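This report refers to the structure that appears directly beneath it.
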Amino acid sequence: MKLRRYAGVTAMTVAGALALAACSGGSTGGDDGASGAGTAFVTVSGTEPQNPLVPTNTNEVGGGLVVTQIFSGLVYYGADGSHHNEIAESIESDDDQTWTITIADGWKFSDGSPVTANSFVDAWNYGILRQNAQTQSYFYSYIEGTDDDGLADGPASGLNVVDDHTFTVTLKSPDAEFPLRLGYSAYYPLPEAFFEDPDTLGEQPVSNGPYVVEEWNHNRQISLRPNPEYPADGPRAAQNDGVDYVIYDNEDTAYLDLQAGNLDIIQNVPASAMGTFEDDLGDRAVSIPAAIIQTMTVPEYLPEFQGDAGIKRRQAISHAIDREQITETIFNGSRIPAHDFTSPVVPGYSEKIPGSEVLDYDATRAKQLWDEAEAESPVGADYTLQIASNADSDHQTWVDAVCNNIRQVLEIGCEFYPYPTFAEFLNARTGQAVPGVFRAGWQADYPSMSNFLGPIYRTGAGSNHGFWSNPEFDQLLTEGGAAATPEESQEIYQRAQEILFAQLPGIPLWYNSTTAGYGEAVENVQFGWDSAPILYEVTKQG
Amino acid sequence: MLWYIGRRLLQVIPVFLGATLLLYAMVFALPGDPVAALGGERGLSAAVQEQIRSQYNLDKPFIVQYLLYLKGVVTLDFGMTFSHRPVIDIIAEAVPITFRLALMALVIEAIFGIGFGLVAGLRKGGVFDGTVLVLSLLVIAVPTFVLGFVMQFVVGVQLGWLPITAGRDPNFVSLLMPAMVLAATSLAYVLRLTRTSVAENISADYVRTARAKGLPRAQVTTRHVLRNSLIPVVTFLGADLGALMGGAIVTEGIFNIPGVGGTLFRAITTGENTLVVSLTTLLVLVYIVANLLVDLLYAALDPRIRYA
């Protein structure tokens, strides 16, 4: 009798566990694309979007990849960073300041409502409106009627609807590259339904891109299916039955799933497989340059880096770093030594900008420059250079390598100055509290040199955390933006970079590469200039 | 008995208040500015940051923030994350998955731990006992992630018997491997506890009496030896449920399970304070309830224990 009571408790526990385990099975059953049999949904690894799927509020890669699949803008980018009209029929201007944008006929959102001039103007004004606090507001700061942060308390005066298919955009200053910017997600349109219920449509977007969100299963999977309203002859029409965007917290796990055939595409190769992935995956391994550069910013407020001696010290440090060796040994070739301040993927990139020799490893020259600086204004032989970074991802390894270089070549001290989290690191940067040089990474939002130069080095720019200022450089950026042709503006941006090389407000280290891979079930996998897979092109056998 | 349970449950209220206040104070004291970090490398403009701070009451003093949080909790509104999702939704997604995983692990460790421990204890000093002791020592010594990766590679990639990850569809089959990995260490402890306890009780007076009465061997073992040996084991299992709920972070990471551990870790790194406080408080409550259950089980196992 008493024994039975006890046995009952155990039996209940077991039954409970099984019942609980069983109840999950039904909810997602039947959608098992991972097995690869019968279905042809392309599976791709990713991270959980940090924000609702609203273009004006998506500023990170997890949500970024999804937003670019489900929305279409005026222009889109090819794999090589070239831009082509998608919804726009024409984007024209006589003075590069007032742009007239005409929308092609026949574009619709997934709820059947047409894409009109208002879809764009209302979406951008939503991002501009101060009380909405959208994280992408920075991108509207070029538009007349917004403040330096791209915000306003009402609709921006620079955005005007002419008719259903036409609207005009007036910029604060001429910018020949404006059409190039328009492929970025902040400039996507939003349907009328969105403004009535932003919260619901952030979870379950009504969109006009090649795909729609069928289901967003948080932290697990986002199911993207072809948008029935997207024209079959559209430039980005889906070539597959759909994409399952699978959320992974751990890149190692995603890599194992790729090897076991449970996953088609991984966007990042984990550090642990960096040395072997090209052998593991053969011609299904991807390694191409990315639009990401890593620099060490030298803050202007540090006295030892001011004046003529300061510039010599910057040059000495730059010459002392053996970029070839560090990218090869520490990063297994997943970084590419930097030759400028932008990235090899942007149009107009050059390895031979005058002054770029300062990035070459030259121990003798480095020591000589440091000694000259010491003769002018000494900091002493026991000086220790601090290299600051957040320590919550793996930065210590390369900082140690750079420090080794500096200690050996310059015969000064050098150490890693860690901040526990990125938030604290950022606080210190904006608060001018970092006691040394610091790591700064930059990923371009649209494929142009100006996107690498303006936000980081222009006077007072949002990410100018070194607080460097140079009127001549600012002037060149403005001229580059107003140049008549892209080639002409690229030439001006190169001249602007000559100033950067002469003054070294930051010391370029290396470019990231996109290291990724895909499985045998998929074909036509290509990664774009922005390191993202071009998903609509991918084909998969059912 | 009911009176006892009611009194124990009433204790939850002061524990809840104390836990939330302490936790709130701790997350409040964490350095760094989560709102500034929302913008990544580019950063957010001061105006946008200010707007977000006032939206989430982050511009108010600590005690006001805490009271506003409590006020929300009373009306079952646990606040919103920076990603504009109700905290309660996120908890409702993560907790059932981890609970399922923890329960599966608990069942595995109870069945195999007690089973093997009983056999080993009955044949103390035998070959089975020796083998099991060495194996359990090995399992305790090997870190979880090593065990996890080895099992993933062998059972998942090479043999292809079980799925490697459970992220897309955390059902019984896909959670089996993680549950085994999660259970492994505790299983070894349960086994050793049972073994020692059984070996001790087997030579107790009442067991000799039972045998002398002529009771069948099986009945002596289950009814007298095992039942009396389970008290320390049940205590361990009860505490372990709480540990499995909140401490499965490594296992959840390896098997890509969107559970409590990973959610909590992300919430801490991104400064989602209300989520951290709510989730941790929930774990505290799980501990309290598990402990209550253990105490009640004592009475079932040992008739001498009565609650009033």
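Once the Cβ-Cβ distance between B:Arg7 and B:Thr209 is put in as r, and R0 is 35 Å, what FRET efficiency do you end up with, to the nearest 0.05?
On the way: r = 37 Å, r/R0 = 1.06.
Efficiency computed from Cβ-Cβ geometry: 0.40.
Could you please put B:Glu93, A:Glu424, A:Glu523 in sequence from largest to smallest accessible area, using a 1.4 Å probe?
Values: B:Glu93 60, A:Glu424 30, A:Glu523 90 Å².
Descending order: A:Glu523, B:Glu93, A:Glu424.
Only four residue types carry charge here, +1 at the Cβ of Lys and Arg and -1 at the Cβ of Asp and Glu. Report the dipole size of the protein assembly as shown about the Cα centre in Debye, rounded to the nearest 20. List each step's numbers first, then the result.
Working: 47 positive and 94 negative charges, 1445 e Å.
Using Cβ point charges on Lys, Arg, Asp and Glu, the protein assembly as shown gives about 6940 debye.
With label points built 7 Å along Cα→Cβ from the Cα atoms of B:Ile111 and A:Gln475, find their separation and express it in nm.
According to this spin-label approximation, the distance is 8.0 nm.
Helix B:273-301 against the longest principal axis of chain B: what's the angle in degrees, Cα atoms only, rounded to the nearest 10?
Approximately 20 degrees, to the nearest 10.
Evaluate the charge dipole of chain B about its Cα centre and quote only its size in Debye, nearest 20, assuming +1 on the Cβ of each Lys and Arg and -1 on the Cβ of each Asp and Glu.
Details: 22 positive and 17 negative charges, 279 e Å.
In debye, rounded to 20, chain B gives about 1340.
5 Å is the cut-off here: which amide hydrogens, built 1.01 Å from N in the peptide plane, fall below it relative to A:Glu86, excluding neighbours closer than 5 in sequence?
HN-HN under 5 Å from A:Glu86: A:Val75, A:Tyr76.
Express in whole angstrom the spacing between the alpha-carbon centres of the stretch A:96-130 and the stretch A:357-402.
Cα centres, the stretch A:96-130 to the stretch A:357-402: 50 Å.
In Å, the Kirkwood hydrodynamic radius of the stretch A:291-512 over pairs of distinct alpha carbons? The partial results should precede the final answer.
Numbers: mean 1/r = 0.0569 Å⁻¹.
About 17.6 Å for the stretch A:291-512.
Mean residue ellipticity at 222 nm from the helices of the protein assembly as shown, using -39,500 (n - 2.57) per DSSP H segment of n ≥ 4 over the full residue count, to the nearest 500 deg cm²/dmol?
Mean residue ellipticity at 222 nm (helix-derived): -14500 deg cm²/dmol.
Rounded to the nearest 0.05, what FRET efficiency do B:Ala47 and A:Asp164 give with R0 = 30 Å and r taken as the Cβ-Cβ distance? Could you check?
0.35
Can you tell me, using C-alpha contacts under 8 Å and at least 6 residues apart, the relative contact order of chain A as a whole percent? Mind dumping the intermediate values first?
Details: 1114 pairs, mean separation 100.3, N = 542.
RCO, chain A: 19 percent.
Based on alpha-carbon centroids, what's the gap between the stretch A:143-175 and the stretch A:428-494 in Å, whole number please?
If we compute the Cα centre of each part, the gap is 23 Å.
Pop out the carbon and sulfur fraction of the accessible area of the stretch A:351-488 as a percent, whole number, probe 1.4 Å.
Here it works out to 50 percent.
Counting only protein heavy atoms and rolling a 1.4 Å probe, how much accessible area do A and B lose on contact, total for both sides, in Å² to 100? Mind dumping the intermediate values first?
Values: alone 22970 and 16810 Å², together 34750 Å².
The contact between B and A buries close to 5000 Å².
Using amide H atoms built in the peptide plane, which far-off residues or other-chain residues are under 5 Å from A:Trp510 H to H?
Amide H to amide H, under 5 Å and 5 or more residues apart or across chains, A:Trp510 pairs with A:Gln294, A:Ala338.
Distance from a point 7 Å along Cα→Cβ of A:Tyr383 to each backbone N in the stretch A:289-314: keep the residues under 15 Å and list them by number.
The answer is A:298-314, whose backbone nitrogens lie closer than 15 Å to the label point.
Give the calculated FRET efficiency between B:Val142 and A:Phe467 to the nearest 0.05, with a Förster radius of 51 Å applied to their Cβ-Cβ distance. Let's see the in-between values first.
Values: r = 51 Å, r/R0 = 1.00.
The value I calculate is 0.50.
Report the gain in length on full extension from A:Arg407 to A:Asp394: 0.36 nm times residue separation, minus Cα-Cα distance, nm rounded to one decimal. Display every interim value, and only then the final one.
Details: separation 13, 0.36 × 13 = 4.68 nm, distance 2.13 nm.
This chain segment gains 2.5 nm when fully extended.
Any chance you could check the Cα centroid distance between the stretch B:75-89 and the stretch B:253-303 for me, in angstrom?
That distance is 18 Å.
Averaged per residue, what accessible surface does chain A expose to a 1.4 Å probe, in Å²?
Values: 20530 Å² over 542 residues.
Ligands and nucleic acids excluded, the figure is 38 Å² per residue.
Could you name every residue in the stretch A:248-297 that has 30 Å² or more less accessible surface in the full protein assembly than in its own chain alone (probe 1.4 Å, ligands and nucleic acids excluded)?
Flagged in the stretch A:248-297: A:Asp249, A:Asn250, A:Thr253, A:Leu256, A:Asp257, A:Ala260.
Which residues, if any, in the stretch A:143-157 have at least 40 Å² less accessible area in the whole protein complex than in the isolated chain, probe 1.4 Å?
A:Asp149
Give me the accessible area per residue for chain B, probe 1.4 Å, as a whole number in Å². Could the numbers behind the result be given before it?
Values: 14220 Å² over 308 residues.
Here the residues of chain B average 46 Å² of exposed surface.
On the protein heavy atoms, probe 1.4 angstrom, tell me the percent of accessible surface of the stretch B:91-213 carried by carbon and sulfur.
Details: 4050 of 5660 Å².
Carbon-and-sulfur percentage of accessible area, whole number: 72.
With a 1.4 Å probe and every protein chain left in place, tell me how much accessible area B:Leu137 has, in Å² to the nearest 10.
100 Å²
Write down the percent of antiparallel bridges among all DSSP beta bridges whose residues are both part of the protein assembly as shown, to the nearest 5.
Working: 53 of 69 bridges.
Bridges in the protein assembly as shown are about 75 percent antiparallel.
The values are calculated or read from the model by the stated rules, or taken from the named source; none is laboratory data. Keep in mind that what you see is a predicted model, and the values were worked out from it rather than measured. Cβ atoms come from the backbone with ideal geometry, glycine included; neighbour counts cover every protein chain shown. When the accessible area is computed, the model is the full protein with side chains, heavy atoms only, and any ligands, DNA or RNA have been set aside. Shrake-Rupley method; radii C 1.70, N 1.55, O 1.52, S 1.80 Å.
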